[in-house]
Amino acid sequence: MIILRRGDKLPSVAAVQYFLNLYGNQQLVIDGDLVRMTSEALREFQRANDLIVSGRVRNATWQKLNQRNRQIIDSVDATDDEITDYLDFQRYNGEPIINYGMSLGVRNVINQIKSNAQSGKVVLLRFHGHGSPGHMIVSSGFDEDAGSSFDLDYAGNFWSLFGALRNIFLPFGSIEFHGCNVAMGVRGERFLRKVANTLNVPATAGVRSQYGGGRDSLRFEGRTRTFCPNGILLKDWATQVMSSSYI
């Protein structure tokens, strides 16, 4: 599921705004910013559908908005004993892709995602594990092995391999990295920009440490940074992709 609350500024907010306009008879400006008007629209939608009225997005509200079953895919690095996010996902978000330490882990992770994804149906892809600025570990715990993590500076066939995920996304899909400090500094910015341009969807990560646990495993802790394809702003991306109808 997606967990959102007032003040969140994310591509997934734009998807929720789109669904509110489509299924809730709203006329929201789609800009990815969950401010007062979007919160009020959520409350109205929740009242109309006999949901808990909170102005936030949690599982019941997301399920009601997601009437065409767009996919959310979570990939969790469970190598380190401290990582228990997969238990939270099984409770709140069905069955995540669970990864353990392996050689050629990146290739395996990408192939698993492609196998689980319906082409053109993924609204959100999230990676969970350890991170550092411009670096996300996907299948090796703390071990920053080149075959088991994503990194700004990787060369060879890494980015073409990563780009194979491009076709899984909806036009208003996005990708998130929930490792610690992935978005921090120049390296974080360059990494997210490269991901966004490679996959043609916005890329988001947290600046500070991400501790996870419970519902925190499904949302960012602290400030985030989002970069959209071709360097456009989030609000401009949202307006651009939502200008056509995606049913």
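Throughout, read-outs are computed from the coordinates displayed, never taken from laboratory work. Quick caveat, the model's predicted, so the values are computed rather than measured. Note: ideal-geometry Cβ built from the backbone for every residue, glycine included; neighbour counts use all protein chains shown.
With a cut-off of 8 Å between alpha carbons and a minimum separation of six or more residues, what is the relative contact order of region 140-202 in percent?
This gives 41 percent for region 140-202.
Could you list 199, 170, 233, 34 so that the one with the fewest beta carbons within 10 Å of its beta carbon is first and the one with the most is last?
233, 170, 199, 34
Taking trypsin sites (Lys or Arg not before Pro) as exposed when DSSP calls them loop (any state but H, G, I, E, B) and at most 16 other Cβ atoms lie within 10 Å, what is the longest stretch of the chain free of them, the sites themselves excluded?
122-207
Quick check for me: using +1 on Lys/Arg Cβ and -1 on Asp/Glu Cβ, what's the dipole size of the chain about its Cα centre, in debye to the nearest 20?
Dipole about the Cα centre, nearest 20: 960 debye.
Can you tell me the relative contact order of region 1-85? Whole percent, Cα pairs under 8 Å, sequence separation 6 or more.
Working: 101 pairs, mean separation 26.0, N = 85.
It rounds to 31 percent for region 1-85.
Could you work out how far apart the two model spin labels at residue 111 and residue 9 are, taking each label as a point 7 Å from the Cα in the direction of the beta carbon, and quote it in nm?
Between residue 111 and residue 9, the simple spin-label model gives 4.1 nm.
Using a Cα distance threshold of under 23 Å, what count of lysine pairs results for the chain when pairs must be 8 or more residues apart or interchain?
Lysine pair count for the chain: 9.
Just need the relative contact order of the chain here, percent rounded to a whole number, with Cα pairs under 8 Å and 6+ apart.
Once normalised by length, the contact order is 19 percent.
Return one number: the angle in degrees, 0 to 90 and rounded to the nearest 10, between the long axis of the Cα atoms of helix 36-48 and the longest principal axis of the Cα atoms of the chain.
70
How big is the convex hull of the Cα atoms of the chain, per residue, in Å³?
In the chain, the Cα convex hull volume per residue is 109 Å³.
Please report, in debye to the nearest 20, how large the charge dipole of region 158-247 is about its Cα centre when each Lys and Arg carries +1 at its beta carbon and each Asp and Glu carries -1 there.
So the dipole magnitude of region 158-247 works out to roughly 180 debye.
Can you tell me the Rg and the Dmax, both Å, for the Cα atoms in region 182-247?
13.5, 38
Relative to the longest principal axis of the C-alpha atoms of the chain, give the angle of the C-alpha long axis of helix 11-23, reported between 0 and 90° and rounded to the nearest 10°.
Relative to the chain, helix 11-23 is tipped by roughly 30 degrees.
Can you give the direction-averaged projected area of the convex hull of the alpha-carbon atoms in region 11-64, in nm²?
Values: hull surface 12.4 nm².
Quarter of the Cα hull surface area: 3.1 nm².
So who's got an amide H within less than 5 Å of the one on residue 121, skipping anything under 5 residues away but keeping other chains? H placed 1.01 Å off N, in plane.
Answer set, sorted by chain and number: 170.
Nearest 10 degrees, 0 to 90: what angle lies between the long axis of helix 185-199 and the longest principal axis of the chain (Cα atoms)?
Taking the Cα atoms of the chain, the angle to 185-199 is about 70 degrees.
Alpha carbon centre of region 1-25 versus region 180-210: separation in Å?
One Cα centre to the other: 21 Å.
For the chain, with the dipole built from +1 on Lys and Arg beta-carbon atoms and -1 on Asp and Glu ones, taken about the Cα centre, which of 76, 226, 139 lies farthest toward the positive end?
226
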